[in-house]
Amino acid sequence: MSAEKLAVIMLGAPGSGKGTQGELLEKHTGFKRYVMSDLIKKELKPGNKLYDKIFKEGVLLNDNNIFDIFRMYFQSENQIILDGLPRTLDQAYWLYGFLLRHKYEIQLVFLNVDEEKLLTRITSRRYCPVCHRLYNTETKKPKLEGICDDDGAELIQREDDTEKVFSERLQTFDEVKDIILDVYKGDVIEVDADNDIEEISRDILKKIIVRK
Ligand SMILES: [Zn+2]
């Protein structure tokens, strides 16, 4: 079957490389990529209605806001990549219906990672507050423990990289992952995302082309 219209949905845990892989896929295929967090940032500017609602009235961004923002930017290209949508069960159903109405074939790329390895990789990250260089206590150690090679500053761990914060994010993802995979079952391409970046990228391309 050859699809005239194809929507590739990227799904992966935080830190799984979803953004990087979406970017590479866009580069290799020329598909139009929609990154939901970028669109939200663009919309949440002082002076617009949504911004006032969220920052002045303290209303949380809900699924309908997400749909509105996506529709605002969506240009109905023949091949698209979606990053950061869906994130909830309602978004999963809404997007499924939306893509079908627009006659897209759907392929959901699930970046499957070993979560224990991922947790180790993320919580081993260290950061220089002076020159912003990144280190890793497992794979990219500084010459002196805890000290930046370039300027001698004391390395710090970002709050997002602490075990507490990161495992919470991982858990939140795990809770919706199975639901989303269930909504899109039949359209799921699973990729081993523990491989290196280039290998994962080739794997995705190969599987998408085969499925097309
Ligand atoms: Zn430094």
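The values are calculated or read from the model by the stated rules, or taken from the named source; none is laboratory data. Only a predicted model underlies this, so the values are computations on that prediction, with no experimental measurement involved. As a convention, Cβ positions derive from the backbone with ideal geometry for all residues, glycine included, and neighbour counts pool all protein chains shown.
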- Do we find that LYS164 is away from the ligand (no atom under 16 Å from the Cβ) and either in contact (Cβ under 8 Å) with a residue 60 or more places away in the chain or out of contact with any helix residue (DSSP H, G or I) (no Cβ under 7 Å at 6 or more places or on another chain) (or both) in this structure? yes
- Which numbered condition GLU175 fails, given (1) free of Cβ contacts under 8 Å to residues at least 12 places away in the same chain; (2) over 24 Å from GLN21 (Cα atoms); (3) not small (Gly, Ala, Ser): (2)
- Just checking, which of PHE98, PHE67 is assigned to a helix (DSSP H, G or I) and under 18 Å from LYS185 (Cα atoms)? PHE98
- Note on the structure: Note on CYS128: of the conditions (1) touching an Asp or Glu at 6+ places or on another chain (Cβ under 6 Å); (2) over 20 Å from ASP182 (Cα atoms), unmet is (1)
- Note on the structure: Screening GLU159, GLU175, GLU154, GLU145 for residues that are more than 30 Å from TYR93 (Cα to Cα), modelled with pLDDT under 95, loosely packed, with under 12 Cβ neighbours inside 10 Å and not basic (Lys, Arg) leaves only GLU159
- Filtered residue count, segment 114-140, keeping only those that are assigned to a loop (DSSP other than H, G, I, E, B), more than 14 Å from the ligand (Cβ to nearest atom) and surrounded by 12 or more Cβ atoms within 10 Å (Cβ to Cβ): 3
- Of the residues in segment 1-39, those that are touching a residue at least 12 places away in the same chain (Cβ under 8 Å), more than 18 Å from ASN112 (Cα to Cα) and of a type outside the set (S, T, N, Q) number 16
- Query: Quick one: in segment 52-64, which of the residues that are farther than 25 Å from LEU181 by Cβ, part of a loop (DSSP other than H, G, I, E, B) and not hydrophobic (A, V, I, L, M, F, W, C) is modelled with the lowest pLDDT?
  - Reply: GLY58
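Here is a yes/no grid of residues against (1) closer than 20 Å to LYS32 by Cα; (2) aromatic (Phe, Trp, Tyr); (3) at pLDDT 95 or above:
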{"position": "GLN79", "(1), (2), (3)": "yes, no, yes"}
{"position": "TYR96", "(1), (2), (3)": "yes, yes, yes"}
{"position": "HIS102", "(1), (2), (3)": "yes, no, yes"}
{"position": "ILE106", "(1), (2), (3)": "yes, no, yes"}
{"position": "LEU118", "(1), (2), (3)": "no, no, no"}
{"position": "THR123", "(1), (2), (3)": "no, no, yes"}
{"position": "ARG126", "(1), (2), (3)": "no, no, yes"}
{"position": "PRO129", "(1), (2), (3)": "no, no, yes"}
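This table checks each residue for (1) of a type in the set (Lys, Arg); (2) part of a helix (DSSP H, G or I); (3) in contact with a strand residue (DSSP E or B) (Cβ under 9 Å, 6 or more places away or on another chain); (4) surrounded by 13 or more Cβ atoms within 10 Å (Cβ to Cβ).
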{"position": "PRO14", "(1), (2), (3), (4)": "no, no, no, yes"}
{"position": "GLN21", "(1), (2), (3), (4)": "no, yes, yes, yes"}
{"position": "HIS28", "(1), (2), (3), (4)": "no, yes, no, yes"}
{"position": "ARG33", "(1), (2), (3), (4)": "yes, no, yes, yes"}
{"position": "ILE40", "(1), (2), (3), (4)": "no, yes, no, yes"}
{"position": "GLY47", "(1), (2), (3), (4)": "no, no, no, no"}
{"position": "LEU50", "(1), (2), (3), (4)": "no, yes, no, yes"}
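Would you mind finding the one in ILE156, ILE180, ILE147 that is touching a helix residue (DSSP H, G or I) at 6+ places or on another chain (Cβ under 6 Å) and either within 15 Å of the ligand (Cβ to nearest atom) or touching a residue at least 40 places away in the same chain (Cβ under 8 Å) (or both)? Let's see the steps before the verdict.
Details: ILE156 fails: touching a helix residue (DSSP H, G or I) at 6+ places or on another chain (Cβ under 6 Å); ILE147 fails: touching a helix residue (DSSP H, G or I) at 6+ places or on another chain (Cβ under 6 Å).
Selected residue: ILE180, the only one of ILE156, ILE180, ILE147 that is touching a helix residue (DSSP H, G or I) at 6+ places or on another chain (Cβ under 6 Å) and either within 15 Å of the ligand (Cβ to nearest atom) or touching a residue at least 40 places away in the same chain (Cβ under 8 Å) (or both).
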